[in-house]
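Working notes, beginning with the structure itself.
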Amino acid sequence: MDNLYKFCPQCATPLELIAQLEDGGNKQRLRCVACGWTHWNNPTPVLAAVIQYQDRILLARNAAWPTKMYALITGFMEAGETPQEGIAREIKEETNLHARELHLIGVYDFQRMNQVIIAYHAVAEGEVKLSPELVDYKLYDYDAVKCWPAGTGYALADWLRSRGVEPQFMELPRRA
């Protein structure tokens, strides 16, 4: 369970893991015994894009990542924007590319990060200029890209299948 909250944000009382009857049955959540505040800990929607650029797939490397991993462009929606507007904005902010077309690939579970990924295929154009968040990008032929066994990797695999390409999955190093 999420340890982000230890104290109630309304009254500062320590939160307790308490089971309570809700619509879906008995649910155990962090709750405040003093004022009744509940930490719902619902998944966060995250946007992702399989960017088709110059008839190849653009993957980028985040500056904060310790390894040489390349992945899809991702980001959070802003208040007041649709998922399509949000992913178009993220593509522009992170790569300087204009999303000429956007098509929903699917919605993917990513429980390890408590997220739901809304993935799009974007046909993009323009000149790549990376934001400070990103340190590098690579363009991959459809049959040469390797998918990773997690949320956005499954979106990439589904998009490849829709193009008649059987995806290949990489093996991730085991965690200690």
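The values are calculated or read from the model by the stated rules, or taken from the named source; none is laboratory data. Note that this is a predicted model, so its numbers are computed, not measured. Note that we place each Cβ from the backbone using ideal geometry, even for glycine, and neighbour counts take in every protein chain shown.
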Does any residue in region 156-169 that is loosely packed, with under 15 Cβ neighbours inside 10 Å come within less than 8 Å, Cβ to Cβ, of a residue that is in a helix (DSSP H, G or I) six or more places away or on a different chain, and which pairs are these?
E166/L160; F169/G153; F169/A157
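Within region 77-89, identify whether any single residue is basic (K, R) and not in a strand (DSSP E or B), and answer yes or no.
Start the filter on region 77-89 by keeping residues that are basic (K, R), which leaves 89.
Narrowing further to those that are not in a strand (DSSP E or B): 89.
Checked region 77-89: at least one residue is basic (K, R) and not in a strand (DSSP E or B).
From T95, T82, T74, which residue is in the same structural domain as H121 (by TED's automatic domain parsing) and out of contact with any strand residue (DSSP E or B) (no Cβ under 9 Å at 6 or more places or on another chain)? Steps first, answer last, please.
Details: T95 fails: out of contact with any strand residue (DSSP E or B) (no Cβ under 9 Å at 6 or more places or on another chain); T74 fails: out of contact with any strand residue (DSSP E or B) (no Cβ under 9 Å at 6 or more places or on another chain).
Within the list T95, T82, T74, the selection yields T82.
If the requirement is being under 20 Å from the mean Cα position of the chain (by Cα) and not assigned by TED's automatic domain parsing to the domain that holds A144, which of these qualifies: L4, L17? Quick ask: steps written out before the conclusion?
Values: L17 fails: under 20 Å from the mean Cα position of the chain (by Cα).
When all the criteria are applied, what remains is L4.
Please find, within region 39-56, the residue that is farthest from Y140 (Cα to Cα) out of those that are surrounded by fewer than 16 Cβ atoms within 10 Å (Cβ to Cβ) and in contact with a strand residue (DSSP E or B) (Cβ under 8 Å, 6 or more places away or on another chain). Write out each step before concluding.
In the first step, residues of region 39-56 are kept if they are surrounded by fewer than 16 Cβ atoms within 10 Å (Cβ to Cβ); the result is 40-45, 54-56.
Cutting the leftovers down to in contact with a strand residue (DSSP E or B) (Cβ under 8 Å, 6 or more places away or on another chain) gives us 40-41, 43-45, 54, 56.
Details: W40: 40, N41: 37, P43: 31, T44: 29, P45: 27, Q54: 10, R56: 5 Å.
Filtering first and then ranking leaves W40.
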Is region 74-86 home to any residue that is on the phi > 0 side of the Ramachandran plot, out of contact with any helix residue (DSSP H, G or I) (no Cβ under 7 Å at 6 or more places or on another chain) and touching a residue at least 24 places away in the same chain (Cβ under 8 Å)?
no
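Out of region 104-131, which residues are assigned to a strand (DSSP E or B), of a type outside the set (A, V, I, L, M, F, W, C) and under 15 Å from I57 (Cα atoms)? Quick ask: steps written out before the conclusion?
First pass over region 104-131, keeping only residues assigned to a strand (DSSP E or B): 104-110, 115-125.
Then drop every residue that is not of a type outside the set (A, V, I, L, M, F, W, C), which leaves 106, 108-109, 115, 120-121, 125.
Across region 104-131, the qualifying residues are Y120, H121, E125.
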Out of the residues in region 132-144 meeting the condition of being within 19 Å of the chain's Cα centre (by Cα) and assigned to a loop (DSSP other than H, G, I, E, B), tell me which one is nearest to E166 (Cα to Cα).
E133
Close pairs (6 angstrom Cβ cut-off, 6 or more residues apart or separate chains): under 16 Å from G153 (Cα atoms) and at pLDDT 90 or above in region 58-70, in a strand (DSSP E or B) and acidic (D, E) anywhere
R61/D136
What is the number of the single condition among (1) in a strand (DSSP E or B); (2) without any contact (Cβ under 8 Å) to a residue 12 or more places away in the chain that K92 does not meet?
(1)
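Tell me yes or no: at least one residue of region 105-112 is modelled with pLDDT of 95 or more, surrounded by fewer than 18 Cβ atoms within 10 Å (Cβ to Cβ) and within 27 Å of Y137 (Cβ to Cβ). If you could, list the steps in order and put the result at the bottom.
Filtering region 105-112 for residues modelled with pLDDT of 95 or more gives 105-108.
Retained after the next criterion (residues that are surrounded by fewer than 18 Cβ atoms within 10 Å (Cβ to Cβ)): 106-107.
Filter once more, keeping what is within 27 Å of Y137 (Cβ to Cβ): 106-107.
Checking region 105-112: at least one residue is modelled with pLDDT of 95 or more, surrounded by fewer than 18 Cβ atoms within 10 Å (Cβ to Cβ) and within 27 Å of Y137 (Cβ to Cβ).
Results for (1) assigned by TED's automatic domain parsing to the domain that holds F76; (2) in contact with a helix residue (DSSP H, G or I) (Cβ under 6 Å, 6 or more places away or on another chain); (3) within 22 Å of P66 (Cα to Cα), shown as yes or no for each residue.
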{"residue": "F110", "(1), (2), (3)": "yes, yes, yes"}
{"residue": "I118", "(1), (2), (3)": "yes, yes, no"}
{"residue": "H121", "(1), (2), (3)": "yes, yes, no"}
{"residue": "G126", "(1), (2), (3)": "yes, no, no"}
{"residue": "K129", "(1), (2), (3)": "yes, no, yes"}
{"residue": "Y140", "(1), (2), (3)": "yes, no, yes"}
{"residue": "G151", "(1), (2), (3)": "yes, no, yes"}
{"residue": "G164", "(1), (2), (3)": "yes, no, no"}
Of the residues in region 16-74, those that are of a type in the set (G, A, S), more than 23 Å from I117 (Cβ to Cβ) and assigned to a strand (DSSP E or B) come to A19, G25
